[in-house]
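Structure record follows, encoded as structure tokens.
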Amino acid sequence: EAGVAQSPRYKIIEKRQSVAFWCNPISGHATLYWYQQILGQGPKLLIQFQNNGVVDDSQLPKDRFSAERLKGVDSTLKIQPAKLEDSAVYLCASSLAPGAYNEQFFGPGTRLTVL
Amino acid sequence: AQSVTQLDSQVPVFEEAPVELRCNYSSSVSVYLFWYVQYPNQGLQLLLKYLSGSTLVKGINGFEAEFNKSQTSFHLRKPSVHISDTAEYFCAVSEVGGSYIPTFGRGTSLIVHP
């Protein structure tokens with residue numbers, strides 16, 4: 001069974017530029033999560049989707065971050081414009097359904113460096 | 001709101017020695033508890049979780065953890081580590097009846113020396 005796929009794996013941009021990350025979850029997983037992991041910290045949830053609807057985006061800086069999952073399968077996360085403090089690893093995860101009894105499977109992440 | 005404290009940022013240990021990675025949590029309600037491992041340049045992988053029932057939880061790769069409600073702890077243990085266990089370990093908590101989204105600790109870097 002294929003795991004969660006993310007691309008690109010690495011991205012370097014200048015501040016004020018825009019960037020987009022892509023995630024393809026495990027087939028059949030209805031729930032998709034985007035996390036931000038700053039160096040030296042644990043992951044922090046940015047947004048959670050159930051199929052193509054947003055369940056929780058309370059931690060998403062909506063003035064610069066946006067995310068979509070139009071067909072309820074793959075998802076994109078965009079930052080526009082980027083700031084230095086956005087340098088982090090962006091992890092995508094998926095699960096069959098929401099809830100603690102449904103294991104989240106994580107992708108390898110996209111490491112973003114903002115100069 | 002819940003929080004997690006991982007008391008050690010780095011734990012060096014020799015191969016075949018036992019190891020304990022400490023985790024304490026804070027919450028006003030019942031919790032679910034998790035341990036994840038992250039190998040270099042990879043995503044997180046679930047090691048084990050406590051949802052209910054027995055307080056001693058066994059996971060993959062020979063790891064186990066014990067939920068201690070009175071001490072609000074969920075320490076991770078392995079009786080004999082291998083070089084391949086070198087990785088970052090994250091403890092996480094989510095509240096029963098809440099959003100189920102885990103709050104992660106800052107992580108503990110386990111470094112296994114030959």
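Nothing in this text is a laboratory measurement; each read-out follows from the coordinates by a stated rule. Keep in mind the model is a prediction, meaning the values are calculated, not measured. Cβ: placed from backbone, ideal geometry, glycine included. Neighbour counts: every protein chain shown.
When the stretch A:1-15 is filtered for residues that are in a loop (DSSP other than H, G, I, E, B), closer than 11 Å to A:Gly109 by Cβ and not β-branched (Val, Ile, Thr), the ones remaining, listed by number, are A:Pro8, A:Arg9.
Count of the stretch A:53-79 residues, restricted to those that are touching a residue at least 24 places away in the same chain (Cβ under 8 Å) and of a type in the set (Lys, Arg), is 2. Annotation note: of B:Tyr36, B:Tyr32, the sole residue that is in contact with a Ser or Thr (Cβ under 8 Å, 6 or more places away or on another chain), outside any loop (DSSP other than H, G, I, E, B), surrounded by 11 or more Cβ atoms within 10 Å (Cβ to Cβ) and touching a residue at least 12 places away in the same chain (Cβ under 8 Å) is B:Tyr32.
Every condition in (1) within 14 Å of another protein chain (Cβ to nearest Cβ); (2) within 14 Å of the chain's Cα centre (by Cα) holds for A:Leu96 except the one numbered (2).
Filtering the stretch A:39-72 to residues that are in a loop (DSSP other than H, G, I, E, B), among the hydrophobic types (A, V, I, L, M, F, W, C) and within 13 Å of the chain's Cα centre (by Cα) leaves only A:Leu60. Of the residues making up the stretch A:80-88, one or more are part of a helix (DSSP H, G or I) and touching a residue at least 60 places away in the same chain (Cβ under 8 Å).
Checking each residue in the stretch B:74-97 for being closer than 21 Å to A:Gln41 by Cβ, surrounded by fewer than 21 Cβ atoms within 10 Å (Cβ to Cβ) and away from chain A (no Cβ under 14 Å) picks out B:His75, B:Thr86. Scanning the stretch A:47-65 turns up one or more residues that are within 15 Å of A:Trp22 (Cβ to Cβ), within 14 Å of chain B (Cβ to nearest Cβ) and either touching a helix residue (DSSP H, G or I) at 6+ places or on another chain (Cβ under 7 Å) or crowded, with 20+ Cβ neighbours inside 10 Å (or both). The set of residues in the stretch B:59-101 being closer than 20 Å to A:Gln48 by Cα and without any contact (Cβ under 8 Å) to a residue 12 or more places away in the chain consists of B:Ser99, B:Ile101.
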